[in-house]
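*Asks:* Please see the structure below; I have some questions.
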Amino acid sequence: MGKECHYKKGKKRDITLVFSCPGRIEERKGEPAAGQTGSKLEKLLDILNKSISYSFVRDDVSITNSTKKVEYYAKTKRSEASKEEIIKKSNIQRLYNEVKGTENLIICFGNNAKIAIEEMLKQYGTEFKEVKVVNVIHLSMKSLNFTIKIDKNNKKIIKGRKGNTIKRLEVIAKDIEYQFKK
């Protein structure tokens, strides 16, 4: 498969990360999770490397999206695909082809990623019996700031303080670790 902005195959088969859809930055750079989401992903992977015994190096993990269609307001007048587009048979087949071979962990970032993987598992679940599926919020600033108000030590995150994004990413990492180990 050529270089596509919605998908990148990792060097290892342990982990696949699933996001919602590529946007403007991904389209321009020709790779998934390339904008602000990508910079937060890099930080999250660094945190996860210290807590889970798999390689969370970006080149080692596969990254895909619930849909391959690029969505951003100036281009499509929206930032997300519809549920109907996500669960469309041809899209689920595409997703399966990108995710198959994952051996240990699939992390869904956001509701659309969760919907897509759940639909894929309905059709191909027997092939993923040994794979743990973890669902967390999307890594957008809006999602992080709106959803996570307490840090991993149960202390309130005070608006406007330096380091808040890392504190929120640590909460997500803790959630991933918890779901992975249960």
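*Asks:* When the label point is put 7 Å from the Cα of THR76 along its Cα-to-beta-carbon vector, which residues of segment 14-30 have a backbone N closer than 17 Å?
*Replies:* Only 18-30 fall inside the zone, counting backbone N under 17 Å.
*Asks:* May I ask you to derive the FRET efficiency for ASN154 and ASP175 from their Cβ-Cβ distance with R0 = 22 Å, giving the value to the nearest 0.05?
*Replies:* For ASN154 and ASP175, the calculated efficiency is 0.95.
*Asks:* A further question follows. With only Lys, Arg, Asp and Glu charged, each at its Cβ (+1 for the first two, -1 for the last two), find how big the charge dipole of the chain is about the Cα centre; round to the nearest 20 debye.
*Replies:* 680
*Asks:* Considering only DSSP beta bridges where both residues belong to segment 15-181, give the percentage that are antiparallel (nearest 5).
*Replies:* DSSP beta bridges in segment 15-181 are roughly 5 percent antiparallel.
*Asks:* Going by a ≥ b ≥ c, the root eigenvalues of the Cα gyration tensor, does segment 54-94 fall in the rounded group (a/c under 1.5), the prolate group (a/b larger than b/c) or the oblate group?
*Replies:* oblate
*Asks:* Also: Please give the peptides 144-151, 71-78, 164-171 ranked by average Cβ packing (other Cβ atoms within 10 Å per residue), highest first, as a rough proxy for protection.
*Replies:* 164-171, 144-151, 71-78
*Asks:* Among rounded, prolate and oblate, which fits segment 65-120 when a ≥ b ≥ c are the square roots of the eigenvalues of its C-alpha gyration tensor, a/c under 1.5 means rounded, and a/b larger than b/c means prolate?
*Replies:* Verdict is prolate for segment 65-120.
*Asks:* Quick one: work out Rg over Rh on the C-alpha atoms of segment 15-165, Rh as Kirkwood radius.
*Replies:* When Rh is taken as the Kirkwood radius, the ratio is 0.97.
*Asks:* Continuing with the same structure: With a sphere of radius 12 Å drawn around the Cβ of PHE146, what net charge do the other residues whose Cβ falls strictly inside it have (Lys, Arg +1; Asp, Glu -1)?
*Replies:* Taking every other residue near PHE146 into account, the sum is +4.
*Asks:* At 0.36 nm per residue, minus the direct Cα-Cα distance, what do ASN49 and GLU103 gain on full extension? Give it in nm, one decimal, please.
*Replies:* Extra length from ASN49 to GLU103 when fully extended: 17.7 nm.
Read-outs: derived from the displayed coordinates by stated rules, not from any lab. Note that this is a predicted model, so its numbers are computed, not measured. Positions of Cβ are generated from backbone atoms using ideal geometry, with glycine treated the same way; all protein chains shown enter the neighbour counts.
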